[in-house]
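Student: Below are the structure tokens for one structure; questions will follow.
Here, each number is a calculation from the coordinates, and none is a lab measurement. Please read these numbers as outputs of a predicted model, since none were measured by experiment. Note: ideal-geometry Cβ built from the backbone for every residue, glycine included; neighbour counts use all protein chains shown.
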Amino acid sequence: MIDEASQDLAIQYVLGTLDTAGERAFEAELRADYDLLAFVNDLRESTALLALAAPAVLPPPHLRAKVLAIVPAAAAPPGPALARHLAWLPWAIAASLAVGCVILFSARERSRAETQRGLAQSERWRAEAESGRSEVEKSREEATKLREKIVFLESQSAYLEKQTNLLKTEIAAVQAEPASLRNEIALLKGRDALAQIRIAALSAQVTRFAKAGAVVLWDSEKQRGIVKLVNLPKPEAGKDYQIWVIDPIYPTPISGGVVPVGADGAARVSFKPDQFIATPDKFAISVEKAGGATTVAGPIVFMGN
Amino acid sequence: MTPLNHPERQIDADLLSRVASGDEAAFARLYDRFAPGLFSLVLKMVRDEKEAEDVLQDGFSHIWRRATTYDPARSSAFTWAVMVFRHKAIDRLRMRLRFERIVEKAATEFSDAPQADEASAAAPILREQCTLVRSALEQITDEQKLAVELAFFGGLTHEEIAAKLDTPLGTIKARIRRGLLRLRDFLKESA
């Protein structure tokens, strides 16, 4: 019984798809295993019959002459025939010589013509061979050029890859730059904003307000300020605290509006004067009628610059 | 050329033996007996009439020069010739680097291949055998048939067939094995 693995090897052997080493190894097995050899021979017979499954097509008639013409040109097959016919050799030679003498003359002319034809044919073949050779040479040159081109393109590709990486790094750096610039600008703006802000601590102008405190922060650019008050006594009924900005370019203080104070005596109010303040020379807080006054009418309780 | 028929098989073997002795007439007669079947085989394999003619010439040249290597104990003369021509055709296919393309074409066209006029293309005995082999092919599954055809006519290895059909190698081996063994058994029973 032949196992499936050996059957598969036998099939590959019959189909001629084993490599040389595999073929040799299998042939060694065949020499030692008669059953396997019989299996292979059997399989070869039935497999070869598959050739008959091909659609039947007759070879072209001219092919027969061509095939039979190759026979004399091909090396004569060695083998037992030579030995079998050896006894006839002297007769054959003698007969050949005799016949040869008779036909030599008549054959000479024909031979000459055939030789001429042969030479012409040979010339044609030589020309074809020459042309084929030049084709091969051309192809070889083209292959060399292509190889060189490939090497060049490979080096170009490596260079471009390197450049791409460099550009990517630069792009990343440039992209990071706006962020740092924005940060710097914000910082500068912050510094500038602080520079623009003026801080004025106001002093109590009346003893009753001695324990109170008042601070004004003024932003020239934005033309607005913040006043912060602590421990301020509650204003009398019908009265309000009012803040003023004193600018030399104006004959009278400019109102910043009423400053409402809470029950705890504290206030933090943002204000914006009606007029443009060029030079905030001083800030003042007065007690005015409820709702505020257009000019300073009541007593000034705080002042400072 | 009748491998299943003993007298015919003997005639082929005798002719080949005479060819081995340098008998040109025997060679011509062997050509007449073998050429139709072998031309059909190589034409199916190389799918090009000119190339098939070249392979046929090359194959018969081989037979003329190497007829002495034929061993009648090993196979019939026809089987020996089929294997010689099949290898020549495969060599040609590989040499021309058209292997893959042609095999693919052959595989897809196999089932729909136009049938030649069998009556004019083959002798009566050969016709019977062609019918028998085609009946044998009907005994195996389509998958087995495809794998066997790719191996025999395409000259592909088991591995190449597995890759081509995107199927495990073990499955391909089993398909070819079962297909060829079924063909063998059927042909034996019918002989």
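Student: Taking a point 7 angstrom from the Cα of residue A:268 along the C-beta vector, which residues in region A:204-242 have backbone N less than 17 Å away?
Tutor: Only A:213-219, A:225-232 pass the distance filter.
Student: Which lysines does residue A:145 reach when only Cα atoms under 29 Å apart count, and residues fewer than 8 places away in its own chain are ignored?
Tutor: A:162
Student: Here's a follow-up. Would you mind computing, in nm to one decimal, how far apart the modelled labels at residue A:199 and residue A:5 are, each placed 7 Å from Cα along Cα→Cβ?
Tutor: In this crude spin-label approximation the distance works out to 9.5 nm.
Student: Cross-link candidates for residue A:272: which aspartates and glutamates have Cα within less than 13 Å, leaving aside residues fewer than 8 places away along the same chain?
Tutor: A:219, A:221
Student: I would also like to ask the following. May I ask you to list the lysines whose Cα is less than 21 Å away from that of residue B:164, ignoring any residue fewer than eight positions away on the same chain?
Tutor: Straight-line reach from residue B:164, under 21 Å: B:44, B:105, B:145, B:173.
Student: For the pair residue A:161/residue A:130, report the inter-label distance in nm, with labels modelled 7 Å from Cα in the Cβ direction.
Tutor: 4.9 nm
Student: Still on this model: Once the Cβ-Cβ distance between residue A:154 and residue B:163 is put in as r, and R0 is 41 Å, what FRET efficiency do you end up with, to the nearest 0.05?
Tutor: 0.85
Student: What length, rounded to one decimal in nm, is gained on full extension from residue A:143 through to residue A:120, with 0.36 nm per residue of separation minus their alpha-carbon distance?
Tutor: 4.9 nm
Student: Please compute, for peptide B:57-64, the average count of beta-carbon atoms on other protein chains lying within 10 Å of each residue's beta-carbon.
Tutor: For peptide B:57-64, the averaged partner shielding equals 5.
Student: In what order do A:164, B:167, B:68 fall by count of nearby beta-carbon atoms within 10 Å, going from fewest to most?
Tutor: Lowest count first: A:164, B:167, B:68.
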